[in-house]
Amino acid sequence: MERIEPTLAELPLLDADASPRPLRTLWERQTAVLIFVRHFG
Amino acid sequence: VQVHRARDAFHARGAEVFVIGNGAPHLARAFREDLGLEVPLYTDPTLATYRALRFRRGVGATLLSARTWAHALRATRGGFLQGRTQGDAWQLGGVVVVRPDGTIAYRHASAEAGDHPPLDALLAAAGPAPAATSIGLSGPASSP
């Protein structure tokens, strides 16, 4: 099964307060359904 | 939005739903408030994650796609009106289901705007459905 590449896992996301967190933290505790939207609108 | 409404079903499978956009953080906040989203919301203004996941980008797959307009018409008929674009108008999205060990259980890259994966496929990728509550067929135990 395909795995997330380590470099991708470390890419930062920003929350609504502009605080960064690595992408990998979204699936560390549970299965994560990541919905990437086209844009906000 | 459909997946957001099914959040409880994902929770029952031990999964969490995250929405990730590409506008500025303050736009993410407004997006959450406008739609009443309760799922965790993040943004990647650099689009680095979109590129790494090989999500499509371009005017041909967005504005110039006849299927995009068909999806938009269907969404409008369903009562969903798109607001002002806040982010990269040419970027398409997608959905990835990732397990705690980093394996990708499901991947969908939108071919055009409005191309979404079926909810059933996402639920199946999230994990097995919880066992149904056992209901006795013989009725309540009778007292002697």
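For A:Pro12, the requirement of being surrounded by 13 or more Cβ atoms within 10 Å (Cβ to Cβ), more than 7 Å from chain B (Cβ to nearest Cβ) and more than 11 Å from B:Asp101 (Cα to Cα) is met.
In segment A:15-28, what residues are within 7 Å of chain B (Cβ to nearest Cβ), touching a strand residue (DSSP E or B) at 6+ places or on another chain (Cβ under 9 Å) and at pLDDT 95 or above? Result: A:Leu23, A:Leu26, A:Trp27. Summed over segment B:96-119, residues that are surrounded by fewer than 17 Cβ atoms within 10 Å (Cβ to Cβ), assigned to a loop (DSSP other than H, G, I, E, B) and without any contact (Cβ under 8 Å) to a residue 40 or more places away in the chain total 3. Residues in segment B:8-28 that are touching a Leu at 6+ places or on another chain (Cβ under 8 Å) and either surrounded by fewer than 16 Cβ atoms within 10 Å (Cβ to Cβ) or facing another protein chain (nearest Cβ under 7 Å) (or both): B:Phe10, B:Glu16, B:Phe18, B:Val19, B:Ile20, B:Gly21, B:Asn22, B:Pro25, B:Ala28.
From the list B:Leu81, B:Leu37, the one residue that fits, being modelled with pLDDT under 95, assigned to a loop (DSSP other than H, G, I, E, B) and more than 25 Å from A:Trp27 (Cβ to Cβ), is B:Leu81. Number of residues in segment B:29-63 that are aromatic (Phe, Trp, Tyr) and either more than 10 Å from every other protein chain (Cβ to nearest Cβ) or in contact with a Gly (Cβ under 6 Å, 6 or more places away or on another chain) (or both) equals 1. Every listed requirement among (1) free of Cβ contacts under 8 Å to residues at least 12 places away in the same chain; (2) surrounded by fewer than 21 Cβ atoms within 10 Å (Cβ to Cβ); (3) under 10 Å from the mean Cα position of the chain (by Cα) is met by A:Pro22 save one, (1).
The values are calculated or read from the model by the stated rules, or taken from the named source; none is laboratory data. All values reported here derive from a predicted model rather than from experimental measurement. Using ideal geometry, Cβ is built from the backbone for each residue, glycine included, and neighbour counts are taken over all protein chains shown.
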